[in-house]
1. On the basis of being open to solvent by 10 Å² or more (accessible area, probe 1.4 Å), under 23 Å from the mean Cα position of the chain (by Cα) and not hydrophobic (A, V, I, L, M, F, W, C), does B:ASP77 make the cut?
2. Test B:THR519 against the criterion of being polar (S, T, N, Q) and modelled with pLDDT under 85, and give yes or no.
3. Can you pull out the strands (runs of 3 or more DSSP E) entirely within the stretch A:142-241 that have at least 1 residues that are surrounded by fewer than 18 Cβ atoms within 10 Å (Cβ to Cβ) and within 14 Å of another protein chain (Cβ to nearest Cβ)?
4. Mind checking which pairs have a first residue in the stretch B:93-116 that is in contact (Cβ under 8 Å) with a residue 24 or more places away in the chain and a second that is hydrophobic (A, V, I, L, M, F, W, C) and open to solvent by 30 Å² or more (accessible area, probe 1.4 Å), Cβ under 6 Å, 6 or more apart or different chains?
5. Just to be sure before I move on: is B:ASP512 open to solvent by 40 Å² or more (accessible area, probe 1.4 Å), acidic (Asp, Glu) and within 12 Å of another protein chain (Cβ to nearest Cβ) in the structure I sent?
6. For the stretch B:119-138, check the following and say yes or no: at least one residue is open to solvent by 10 Å² or more (accessible area, probe 1.4 Å), more than 14 Å from chain A (Cβ to nearest Cβ) and either closer than 26 Å to B:VAL470 by Cα or in a strand (DSSP E or B) (or both).
7. Please go through the stretch B:206-244 and give me each residue that is facing chain A (nearest Cβ under 7 Å) and aliphatic (A, V, I, L, M), ordered by number.
8. Looking at (1) of a type in the set (A, V, I, L, M, F, W, C); (2) without any contact (Cβ under 8 Å) to a residue 60 or more places away in the chain; (3) outside the structural domain of A:SER111 (by TED's automatic domain parsing), which is the only condition A:LEU193 fails?
Amino acid sequence: MDVFASLFMFWLVNIAHSLTGCALQSCSDLHSNPLGGNTAAYLLLIKYRRRYRSCLAVDEMGETSSVENEFDDWFIESLKIYNNIHEYQLEHPTRVIEWTSEKTICVAGYSSDKNEILELLLPLKLFSDDNQGLCAERDFKVVHGGFSVGSIHCLKHIPGTRCVVTNDGFNSNLQVWDVGGDDCDVIKRTGVLQLKSASSDKGVKIAPGLTGGPCVLHGSQISDIQLTELTSGKPLYSLGKDIPDLLSSLQFVSGSVFLACACNGDLYVGDTRKPSALQNNPAGGREGVHWCMGVKTDLFSSDPSSCSVARLSSACQVVVSDLRDLRAPLCQAQLHVQRKTTSDDFMKVTWAPALDNCLAVSGFDGMVQIYDTASWRPELMEFQPLFIHQGHMMSDDQFDTSSAVVTTHVWHPSRPRTVLSAAVDGSVHVWDWVDKATASC
Amino acid sequence: AHVHLCISSSCFLSGAGQDVGRSCILVSIGGKNIMLDCGMHMGFNDDRRFPDFSYITQQGRLTEFLDCVIISHFHLDHCGALPYMSEMVGYDGPIYMTHPTKAICPILLEDFRKITVDKKGETNFFTSQMIKDCMKKVVPLNLHQTVQVDDELEIKAYYAGHVLGAAMVQIKVGSESVVYTGDYNMTPDRHLGAAWIDKCRPDILISESTYATTIRDSKRCRERDFLKKVHETVERGGKVLIPVFALGRAQELCILLETFWERMNMKAPIYFSTGLTEKANHYYKLFITWTNQKIRKTFVQRNMFEFKHIKAFDRSYADNPGPMVVFATPGMLHAGQSLQIFKKWAGNEKNMIIMPGYCVQGTIGHKILNGQKKLEMENRQTISNGQSEIERCEPGCCRLSLEVKLQVEYMSFSAHADAKGIMQLIRMAEPRNMLLVHGEAKKMEFLKDKIEQEFTINCFMPANGETTTVITNPSVPVDISLNLLKREMALGGPLPDPKKPRTMHGTLIMKDNSLRLVTPEQALKELGLNEHQLRFTCRVQLQDPHSDPDTLSRIYTHLKSVLKGYTIQHLPDGTVMVESIVIKVSSSAEEPNTKVLLLSWSYQDEDLGSFLSTLLKKGLPSGLSSM
C-alpha cells in the first residue's frame, strides 16, 4: 500500500465551484461604487440627512417638501420643549422596556423568529445632575445580552434578584432568565414555569411579587391567575374561580393584594392570602372595546385612596378610580387621539411615579401623550394632553414614519418628567420634557 | 474529501487588543508580515505609550521582517508612533496611507511633538526632522485601487467614513485575504459618508470594537444639544468658544450653526479663526477626490466656506461686547488663538466653551474637561508667522493664575460604528472569520455569540500581545491531465454544468510545488511504482434447499436476468464471475440448506460489488431453474 503514502487517490475536484467563484468576483467589482452613494451628504450643506435624501430625489437642493419642513419644525421646536432627548435605534424593535436597576433597563425583540434580550445601561449623562456638561457619555451600553427562540411580549424583572421572567404571547409558559453579573455579559435561560391550567393561546400577563421570596403572579384569563414560587416552580396560590375573561393587566398593590384588569374592562381585586376572596367591579363598558390598566401604588401607605387605577379603552377613554371604590369613576376623559392602528396590542397607560396626577398613554399611533388628570371631572369630557412626544414619527431613517406606532413606554422612577419609549421601527427614545409652568416663571 | 491546506494567518496584537489605547496589529499572511497602524497610547507619558516592537526586533531589523506598514487614518492612536518606529527603531520599507491621511498626519504629529517636547520638556521623543523623514517613506493610496506591494502581496483601500481620509484595507496574498477596518462609521453624516466594502469574503475581518457594546445616541440629538447650548449662551448675552482642529468636525459644526442662524434669524456674529479657511479649503480639495461626481460638481459651483453668517475672526474682536460664537484653533487649547480667547473669556460665567473632541493629557483642554477650576499658566506671547504659530516665553514672564468661571461643555461628535454597525459590515464583507480588537473580552461574549450564531463564523477577541491563528481554507489550483479529462468524457454522463460540482477520479501528484491530477496509470508510471490490488470480500448467508452447485447455477441465472449488459461467467472451477467479482458457494454438513456465499471484488468494482452483496442478501427468487 506504499503507493498511497505519496498519492492521494480518488480525489474530488470541485471544478464547478472555482468557476462560479470567479463569476461572482467580477460581478461585485462592477458594483464598486466608490463611496456607497452616501457621502453626498456633504455637498448639500443642509440640515438633516433626511432632507438630503429627498433632495436627491427632487434632484436639486433648495426644494423641500412639507414633510421636511414639518421635520425641521419639530427639530427646532424640540430645542424648546425638551430638556434632554436621546434617540436610539435598536437592531430589532422591542415592545418591552423594564427597569432592572436604577440605571439599567431590559428590552427584547418580538419577531416570530429568533430574538435577543438586552440589558442596557443608561448613559451617565442622564444621571449626573451637576457638571452634566462635562459628561459626554450619551450612549446606551449593552451590559448583558441573551438569545430567545420565541418572541417576547411580556418581560418582568423580579425585584431584589437578577431574574427576569418572560412570555412569548402565544402560550402560557414563562421563561425564567438570569441576567448575569459583572463576570459575564450573557443572559442565560434558567428555567421554564408552566401554568397549571394552560387554557389559552393568548399569552400570559405577569406581575412580580413585591414582598417575600421571589415569586410571580401570572395568568392568561382571570380564572387561571396563579402565584408561583420562582425557584421551585411551586404554585403558592391560585384563584380557582371560573371566569374565562381574558386578562389584560395584572399588578400587585401590596404584599398580597393584586388588581387584575380583564380585556372587557372588569376589574378584580384578589388577595393571595385569601384564595376565596375576589371582588369584581364590572366596568359596564361597550361591546368590542378593549381595556387595559395602569396602577399607581404607594407601598408605604395603607390608605386605599393612594392607590389610583387608570383604565384605558381602545375607544381612547381613560377612567380613573381608586381602591376605595373601583366601580365609580373619580374622573374620566375622552383623549385627544386619532387612532392609526386597529390593533389593541400596544395599548398602554401608566402613572408618573414622581409627578402628581400625571399619566402617559401610548399605543394608538406614533405618539406618547402625557395628561394631567387634576383637571378631569367625573363626567366624560374631552381633554387636551399636557405634552405630546412626537419623536417616533420624526425618525430620520428610511422607515415610513407616518405608520410609526409606539409599542411601549415607561417612566423614570425618580426623575419626574423623564420617559423612555419605543416604537415599531426599533427606535427607543429617552426624553425629559420642559414643564411650561416652571419654564415661564 | 475537499482540499484542505492549512495555512495560518496569525495576528499578533501589540497595542490594540482588549485595551482602549493604541492600535498596532501585526498580521502574517501567506508568509508576508504587515503592520496595521502604528498608534500611540495617549494615556501614558513613558515608554508604554509606544508599541513594544521588541517582539519583532529580537529577530532582526524591522525592515527585514515587515513587508509593509499600513496606516488607516490620521488619529494619533493609529499613527502617533510612526516616526518613532521608522526613525528611532528603524524601518525603511514602504508605509501606505491615503492621500488625506498623508497630508494631515504630519501636522498632527508635529502638534503633538510640540506639546510633548516644547511644553512638557520631555526628551527621547522624535524630532521634526524625523517626522519629515518618516513621511518620505509614505506611499499614498487611492480608494479601490489595488496596489501591488510585491509580486505576491497586494492591498486595496475602502472608504471607512470615520474621519477625512480614513480607510479600511484589504490585504491579499494568493487566495488568502485579511480586511482591517481601522475606525469606521456606518452612518453617514454631514460631511462624511458611511463605510463601504464589497463582498470580498476575506479569511479574516479585523474590526475595531471600541463601541461594539454601545447603542449610539443619534447624531441629530448630539447636534440638538450643541445648538441648544450655543443658543442659550447667546440668548443670555454670553460668548461661545469652540476650539477645533482646522479640519473635520469644524466644518460640520459650521454648517450646522449656519443653518440654525438662518432658520432662527439670529443676529449674534459667528467667527472662525484665521488660517482655518485656507487650511480647510486646502484639505477639502484633497477631500474632493474622495467624493463622488456630484460633490465635486457642487464644490465648483459653490465654495463650502462662503457662509452668510460666519465671518473671519480678528483678534481684536475677542474684546467686543455682546454675544458671539468663535471657532478657533487649536482644538486642545494648548497654544495659539483658541488659548488666547479662552484666557480672555474664562472669567465670565455667562460664557461657554464647547470642546468637540478629545484632549491630550497636559493640555489646558484636558484640565478643564476634568473639571479643574483654577489654572496656573505661563503668560506667553504669541508670535504668529502665517501657517504655524510659535510660542515664546519672554524673559521675565510671569505666572498667570486663571479662574475658570465659564461653562465647560464636552460634546463628542466622533463617528464610530456601534454594535449594529459591526453587524452591518460583517453582512457586507462576509468574512470567514471575525477578529475584534480594541474592546473588553469579558463584555463582548454576547457579541461574539451573536456574530457566531448569525453568520456561522468564528469570532476571536485576542488580548494585548496575544497571537491568534486562524486556519484558512484556500482554494488550491490543480492541473488536470488531458488524458484524465478525455477519459472522464468517454465515461459519458451529463454534460458539465458550471453550477454543479462533479466528481471525478484521478491521482493527485504533489511534486515540485505543483499539483497535478493524472490518471492512476500515469502516476504509477511517472513514479515508477507497481500497482497494488485492493480486494474486498464479504460473506452472505442464504437459505436455499439445493446442492451447492445448484445454488450457484441459480445465482448465475438470477444475475443474468438482473444485470443486463454485464459480463457474467459460470466458470468450471465452481465460481461465478461478474466482471471482476468472484462468487463462491459453500455450506456445512450440519446445515446443508444454509449456504454461505463468498463475494470478492477489486476496489475498482466497489459499486458493483456492494450492489451484488445487497442483492444477494435478499435471497433468490423462487422458480429459478438450476439448469
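1. Answer is yes for this residue.
2. Considered against the rule, which asks whether it is polar (S, T, N, Q) and modelled with pLDDT under 85, B:THR519 comes out as no.
3. Correct list: A:188-193.
4. Once the first residue is in contact (Cβ under 8 Å) with a residue 24 or more places away in the chain and sits in the stretch B:93-116, its partners that are hydrophobic (A, V, I, L, M, F, W, C) and open to solvent by 30 Å² or more (accessible area, probe 1.4 Å) give B:PRO94/B:VAL139; B:TYR96/B:VAL139; B:HIS99/B:LEU286; B:PRO100/B:LEU286; B:ALA103/B:LEU286.
5. For B:ASP512, the condition - open to solvent by 40 Å² or more (accessible area, probe 1.4 Å), acidic (Asp, Glu) and within 12 Å of another protein chain (Cβ to nearest Cβ) - is not met.
6. Yes, the stretch B:119-138 contains a residue that is open to solvent by 10 Å² or more (accessible area, probe 1.4 Å), more than 14 Å from chain A (Cβ to nearest Cβ) and either closer than 26 Å to B:VAL470 by Cα or in a strand (DSSP E or B) (or both).
7. Of everything in the stretch B:206-244, those that are facing chain A (nearest Cβ under 7 Å) and aliphatic (A, V, I, L, M) turn out to be B:ILE215, B:LEU227.
8. Single failed check for A:LEU193: (3).
The values are calculated or read from the model by the stated rules, or taken from the named source; none is laboratory data. As the structure is a prediction and not an experimental result, all values here were calculated from the model. Positions of Cβ are generated from backbone atoms using ideal geometry, with glycine treated the same way; all protein chains shown enter the neighbour counts. For the accessible areas, the whole protein counts, side chains as well, though only heavy atoms, and no ligand, DNA or RNA atoms are used. Shrake-Rupley method; radii C 1.70, N 1.55, O 1.52, S 1.80 Å.
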